[in-house]
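Undergrad: Dumping the structure here so I can ask a few things about it.
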Amino acid sequence: MKIFKKLIIFILIILIIGTTLLLFIGYNSYSNAIREESLELRVKEITQMENFVAFEDLSEDYVNAVVAVEDHRYYEHGAIDPIAIVRALWINLKNFELQEGGSTITQQLAKNIVFSQEETVERKMGELFAAYDLEENYSKDEILALYVNSAYFGDGYYGIYSASMGYYNKEPIDLTLDEASMLAGIPNAPSVYSPNVNPDLALKRHEHVLNKMVEYGYITEEQANSILE
């Protein structure tokens, strides 16, 4: 029994040391990034883009689609979503592969504007500090707008305005549910889900987005089925 208790204490100590080290690495990564250019300046560069789309100029269907498929508890949690992280860990462990990441919209914005897209532990931990900084200084609506304006939609389209005009020749506020839900699914993997590159995979992703919108009460099954038929 004593050996078991000592083992538990040893494991806890290792976990604490490991977590502390990872947090230090992450903080150092974020500090170096904003030393080159502050978070405020990075955000300002996006909001001053010629075709920046403010939150109020996004269609309601598009906003709902993004939240449903990317981070359905977005307006309920802070910079990170512990529930999503635990769920992602469980799914990944159960299936013995990396299927879910558990990142919030705020974390994805942090990745887009502060770090490279390279998947490293250093970048992932630094992303947490950037996300907390964003949540501290900007509203949820502002963060969501920054995210969709900095996301890549495939086919050379950066930002929701470029994607909306490029794919549908429409202003983002005029997107239909069909169009909005298609665009909401692309940034997860632009080279895979671009409708001009992989129509079949784009359609499957589109169906997934609509199913998520039904699951979280944004639309009815009838609305989803009318688009998918």
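Laboratory data are not the source of any read-out in this text; all were calculated from the coordinates shown. Everything numeric in this text was worked out from a predicted model, so none of it was measured. With ideal geometry, Cβ positions are generated from the backbone for all residues, glycine too; neighbour counts draw on all protein chains shown.
Undergrad: Calculate the spin-label point distance for Asn188 paired with Glu222, positioning each point 7 Å from the Cα along the beta-carbon direction, and give it in nanometres.
TA: About 2.7 nm, to one decimal.
Undergrad: Ok, one more. Length gain on complete extension for the stretch Thr176 to Asp141, per 0.36 nm per residue less the alpha carbon to alpha carbon distance?
TA: Computed gain between Thr176 and Asp141 is 10.6 nm.
Undergrad: A follow-up question, please. Could you give the nm distance between label points at Glu76 and Asn32, where each point is 7 Å from its Cα heading toward the beta carbon?
TA: 3.8
Undergrad: What list of ³J(HN,Hα) values in whole Hz, one per residue of region 184-192 in order, does the Karplus curve 6.51 cos²θ - 1.76 cosθ + 1.60 (θ = phi - 60°) give from phi, with Gly and Pro shown as x?
TA: These are the phi-based 3J(HN,Hα) values: 4, x, 6, x, 4, 7, x, 6, 9 Hz.
Undergrad: Tell me the label-point distance for the pair Ala54, Leu201, using the 7 Å Cα-to-Cβ offset, in nm and rounded to one decimal.
TA: For Ala54 paired with Leu201, the spin-label model returns 3.7 nm.
Undergrad: Enumerate the calculated ³J(HN,Hα) couplings along region 46-57 in order (Karplus 6.51 cos²θ - 1.76 cosθ + 1.60, θ = phi - 60°), each rounded to whole Hz, writing x wherever the residue is Gly or Pro.
TA: Couplings: 6, 5, 9, 4, 4, 10, 5, 10, 5, 4, 5, 9 Hz.
Undergrad: For a quick protection proxy, order the peptides 31-43, 149-161 by their average other-Cβ count within 10 Å, most packed first. Numbers along the way, then the final one.
TA: On the way: 31-43: 14.1, 149-161: 20.7.
Answer by packing, highest mean first, reads 149-161, 31-43.
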